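The values are calculated or read from the model by the stated rules, or taken from the named source; none is laboratory data. Treat the numbers as computed from the prediction; the structure is a model and nothing was measured. In this analysis, Cβ positions are derived from the backbone assuming ideal geometry, glycine residues included, and neighbour counts consider all displayed protein chains. Ligands, DNA and RNA are excluded from the accessible area calculation, which covers all protein heavy atoms including side chains. Shrake-Rupley method; radii C 1.70, N 1.55, O 1.52, S 1.80 Å.
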Amino acid sequence: MKKFYPLLNHALKVLVLSSMILIVSIISYITWQSHQHKIISKIAKEERKNMTERIWKAKTENYQYAVRYNSAWDDLVDFCNGTSHPDSAWLEDNIGYMLDAYSAAMVAIFDKDGKNLYSQIADEYKNLDFFSLNFLILYDKFSQNGTKDFFLLRDSVLLEYFGGAITTSADNNHKLPPQGCLMLVRAITPEVLDDFRMSLGALYTGLDCNGSFVPKDDNNIVISQQLDSYTNHHEAYMCSVFENEVENFFDKLIPVFGIFVLMCLFSAGGILLFMQKKIMNPLSKISKSLNNNNHAEIQELKNEPNEFGQISEMLDKFYLQQEEVVMQNERLKQQSEEIISINNDLNKQRNRLAETNNTLTESISYASRIQRAAVSLEDDLEKLFPDSFVIYIPRDIVSGDWYRVANIRGQRIIVEADCTGHGVPGALLSMLGISALKDILGMMDAAGEEFLPGVILDRMRHTVKTTLIKSVDDSMEMSDGMDMTITVFNPDCTAMKYAAANQSLLVLRGGKITRLKGDRMPVGNYSTEDSFQTFDFELVKGDKLFFMSDGYKDQTNPDAEKFKGKRLEKCLIENDTLSMPRLGKRLIEIITEWRGNSFQLDDITMIGVKVE
């Protein structure tokens, strides 16, 4: 195709150029037809204006001729060149009368330098601005020999400015330079036009077709009819001339246009044949091969020494790539089937895990009900201490924290414990602790022993250790066990005995916090084991006691900052005026706001009682 590409390029250029010439010719013809009547009308209006100027010129020259033989004209010349200065009466008599004589709106006299020497304006036109033009422009307009006129629109009033040069009465041929100029302004009204027609009709009957004045005869033809007749005749003549010119122009244009059209048709035909042979036929072959998916026809076109050969070569590569894509699609299909099979297996495993999880969740939920039944109720605490609260929030379904309250032989007992771990392991330890505590308190009550908190903790440790150690190698983890606080109140609540394993309890009295510490060892296996101590503490009416695990103060906010014991003590002091149930709710609100959307790290247990 490289061989015939320049020829194709030139042929297309000729076709485009021919089309552009044809379009321009059509637009020119339409424009000529649409504007010819406007042009004729414009020329007729110009002719009418020229005729009107000749009428005014005749009338003004008659006036100048009449005045030039009056001595007042020479006085006016002297006034313009500055040799005399007439008084206002003279000006009024000789100049001002023209306002009435010509129904003028304003009359003015200028010297040869363009200075306005005198002007007089009719009363009804005093509000109009006649001198908005520069005086020198007015002077240049009217100081030349002969007469001039033009029109201006002032405040919706059409004004006609006309006048002529002022020379001496002896200068009939206007050979001397003018001494000034006279300007007269009239408002063009219907009355003025009627007056003009009547005055002109007294001198002339009208104009002939050559623009010459026709003297008045006995027929007394009205001037307006003559003007209309002349105008209509002239317009008709101009239309005839233009129509003949247009017809001659198109008579000459038609043969050229016909030749041009034939050339365009021959060029278009040649281009179409050329495109059919060199472009459309190869394209048709390529299209058929693509529709029939015939790779062999594409192979044949590859050998042609033009762009179609290159296109065929690219299509051949495309076919090869298409075959590769088909093979890859097959491989992807196989892989997809394998993935679907694996996904089905995963779904089955997920369903089994979901079933197992549901079963475990149901079992743990049931265990939670058993654990809550084993833990003392909040009502049990209210019976011993009416002004009290319990916060018990497991991290999981079951909890590693537990508490018990009892009233044995008139002595009120409160036990709070935090087992190692949480969830199911912690819950198992908590059930072991609850069962052991019931047995120990039952045996001590049966034996009539005094309920000493330290002794109870020692027996709890023994039970936990002997229960958890089942293997022969004695391999229980050092951390397995529980932290615990036991408090025993005397019947009138004036004193209490307490013991604590890795815990402490808080006493709020008079707006101050007292921390009652215990032994630093757990209820369970420990490297150094001593007997737990029993401590005595005197109580005062109004004292508030708080038993808690470490879950409350170890909770973190979204920034991983722990709540800590100091912040808890501050909260207790700030809310000292609240009742114990209301204080419990406030503490839940505080820790909930602190955590935000962070995960609960541990079980939360807190017991608060007020000594009455």
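Centroid-to-centroid, using Cα positions, the stretch 370-387 and the stretch 95-122 are 125 Å apart. For the stretch 553-612, applying the loop criterion from DSSP together with a ceiling of 14 other beta carbons within 10 Å to the chymotrypsin sites (Phe, Trp or Tyr not before Pro) yields Phe599. Accessible surface of the stretch 548-612, 1.4 Å probe: 50 percent of it comes from carbon and sulfur atoms. The relative contact order of the stretch 479-612 comes to 26 percent, based on Cα pairs under 8 Å that sit 6 or more residues apart.
Judged by the gyration tensor of its Cα atoms, with axes a ≥ b ≥ c, the stretch 370-452 is oblate; a/c meets the 1.5 cut and b/c is at least as large as a/b. Split the accessible area of the stretch 341-472 by element, probe 1.4 Å, and carbon with sulfur accounts for 55%.
Across the stretch 383-517, Cα pairs under 8 Å and at least six residues apart give a relative contact order of 22 percent. Taking a ≥ b ≥ c as the square roots of the Cα gyration tensor eigenvalues, with a/c under 1.5 meaning rounded and otherwise prolate when a/b beats b/c, else oblate, which class fits the stretch 488-591? Note, shape of the stretch 488-591 comes out oblate. A full extension of the chain between Asn116 and Ser368 corresponds to an added length of 78.7 nm, given 0.36 nm per residue minus the alpha carbon distance.
Taking amide H as placed 1.01 Å from N in the peptide plane, Arg412 has its amide H under 5 Å from the amide H of Phe489, each at least 5 places away in sequence or on another chain. Each residue of the stretch 340-348 was assigned a 3J(HN,Hα) from its phi angle through the Karplus expression (A = 6.51, B = -1.76, C = 1.60, θ = phi - 60°), giving 4, 5, 4, 5, 5, 4, 5, 5, 4 Hz with x at Gly and Pro. Length gained on full extension, Arg520 to Glu589, computed as 0.36 nm times the residue gap minus the Cα-Cα distance: 21.7 nm. Computed packing ranks the peptides 332-343, 103-114, 486-497 as 103-114, 486-497, 332-343, most packed first, by mean other Cβ atoms within 10 Å. With all protein chains kept in place, the per residue accessible area of the stretch 351-411 amounts to 56 square angstrom at a probe of 1.4 angstrom.
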